[in-house]
Structures are given as C-alpha cells and as structure tokens.
1. Criterion first (part of a loop (DSSP other than H, G, I, E, B) and basic (Lys, Arg)) does Arg34 satisfy it?
2. Scan (1) surrounded by 22 or more Cβ atoms within 10 Å (Cβ to Cβ); (2) farther than 15 Å from Leu12 by Cα; (3) among the hydroxyl-bearing types (Ser, Thr, Tyr) for the single condition Tyr142 breaks and write down its number.
3. Identify the residue in region 159-214 that is of a type in the set (Ser, Thr, Tyr) and under 30 Å from Arg28 (Cβ atoms) and, among all such residues, is surrounded by the fewest Cβ atoms within 10 Å (Cβ to Cβ).
4. Where in region 39-153 are the helices (runs of 4 or more DSSP H), entirely inside, with at least 3 residues that are out of contact with any Cys (no Cβ under 9 Å at 6 or more places or on another chain) and closer than 17 Å to Leu182 by Cβ?
5. Which of the residues belonging to region 175-227 are in a helix (DSSP H, G or I), touching a strand residue (DSSP E or B) at 6+ places or on another chain (Cβ under 8 Å) and closer than 12 Å to Val11 by Cβ?
6. Please find, among Ile44, Ile29, the residue that is closer than 15 Å to Asp215 by Cα and either surrounded by 16 or more Cβ atoms within 10 Å (Cβ to Cβ) or free of Cβ contacts under 8 Å to residues at least 60 places away in the same chain (or both).
7. Exactly one of these conditions fails for Leu182: (1) modelled with pLDDT of 85 or more; (2) more than 26 Å from Arg221 (Cα to Cα). Give me its number.
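The values are calculated or read from the model by the stated rules, or taken from the named source; none is laboratory data. Just so it is clear, the model here is predicted, and its values are computed rather than measured. Neighbour counts are summed over all protein chains in view; Cβ atoms, including those assigned to glycine, are modelled from backbone coordinates with ideal geometry.
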Amino acid sequence: MKPNSLNTPLVLVNLKCYTESIGNGAHRIARAAREVTDESGVTIGLAPLYPDIHPINHHYDIPVFAQHVDPVEPGAHTGRMPLLAVKSAGAIGSLVNHSEYRLNIADIEKNVTALRDAGMLSCVCSNNIATTAALSALGPDYVAIEPPELIGGKISVSEANPGIITGSVDIVKKINPAVKVLTGAGIHSGKCVKTAIDLGTDGVLLASSVVKAEDPAAVLRDLVSLL
C-alpha cells in the first residue's frame, strides 16, 4: 500500500509490546482492522512489532508503520533497525519520538528526512503546543498530539485538554499547513474520535483500547461509528 493512499480520517493503532499484540495477537488485531476498514471505509493502520510488519502487510493489505527506525545506512550497526529493513518488510512509514522512545530534535530531524527521502511517511509524536510548533517546521507527514499523563488512561485528550488540540492545529496551519495532525492519549470511544475530528484533527493515534480488547473489531467499529 502506497503512502499516498492514506485518506483522512486515519485511525492508527500502535500495537506497542503488549502480550496481546505479539505474533498471533497481532494477526487478530490486523484481521479486525481489515474487516472494519472494509465495512466503514475508514483507513485503519497498524504499528506492530518489527517481526510482524511483513506478515501483516502481506496478509491484510492495510497501512503498516514501524514503531521506530534508526536513520542509519545498512552496515555494521548491530542492534539497530535501519529504515531500509522496515521498508523492505512492507512498512510505509514510522512513528518517531513516541513518549516511550523519546529522541532529541536533531535525531527527529534525521528520521523525518530519512523517511521522506525513502518515500515513506513520518508520524512524529508531540506532548505540547510548543513542541508541535518545532516539529511541524521539520515537515513530517503527521504530528500526533499525546500528553503523556493521559496515555493508556480512560480520559481522552479530546475530553481532558481540548485546548492542546485546537492550539496544535492552529500552530501547524500557521507553520506548515501540509502537515496533518493526529490526536492521541486516552482515545477509547467513537465520541473521543468524533470530538478530535471536530476540533480540527485528521485522525487519531491510539493503542491499549484496541490492543487489550477481547474483541478488537467491536472496539474499532465503535471508534469509527460517528465518522
């Protein structure tokens, strides 16, 4: 699936490293994502663990992101994850600077540039409006607003702090209107998603509400139900 095929709104599910998202668990979530995409027409992408990038891309034809890449050329870099490796496995882009894998601004710029040069998408995570301003100037494809104190909780950022969403949308439009804005942290219902879209974002980035669900398809259906 080519990067330019990602329509708005985008629901991007970060599978993280939960037990429920390893191996067969990743396939269970990918099947649900494919099913709900077909039913709703809403683009649902996944960011799985590295070993699951290729099988998910191969079997389910949904957008697949890496959770992180190292902007290094192939060579003597034991333990690193070259961008070329995740692209070869079928990833169309990568998360950058997630709250659980923070980078400095120089490394963020290297990743965004490397992904752009490789024809891949970058989704850079931000925790406040000031950071969003700095990151949007780097020209990523997406900036995802994720206040870290709300990640993994049941109160969404769209409910707890709508001002950080509208403020981020406004600053991105001023600095680089080509950048799309996603909302993350605590997203767990269709109401959360609808509120985020109404506040001007282009989609959501979420994890635990889908990954830990007994029925991921049911949760995904609810998430897109008001779109």
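1. Values: part of a loop (DSSP other than H, G, I, E, B): no; basic (Lys, Arg): yes.
No.
2. (2)
3. Here the residue is Ser189.
4. 105-117, 129-136
5. So in region 175-227, the residues in a helix (DSSP H, G or I) come out as 175, 190-198, 208-211, 216-224.
Subset that is touching a strand residue (DSSP E or B) at 6+ places or on another chain (Cβ under 8 Å): 192-193, 196-197, 210-211, 220, 223-224.
Result: Cys192, Val193, Ala196, Ile197, Val210, Leu220, Leu223, Val224.
6. The conditions single out Ile29.
7. For Leu182, the exception is condition (2).
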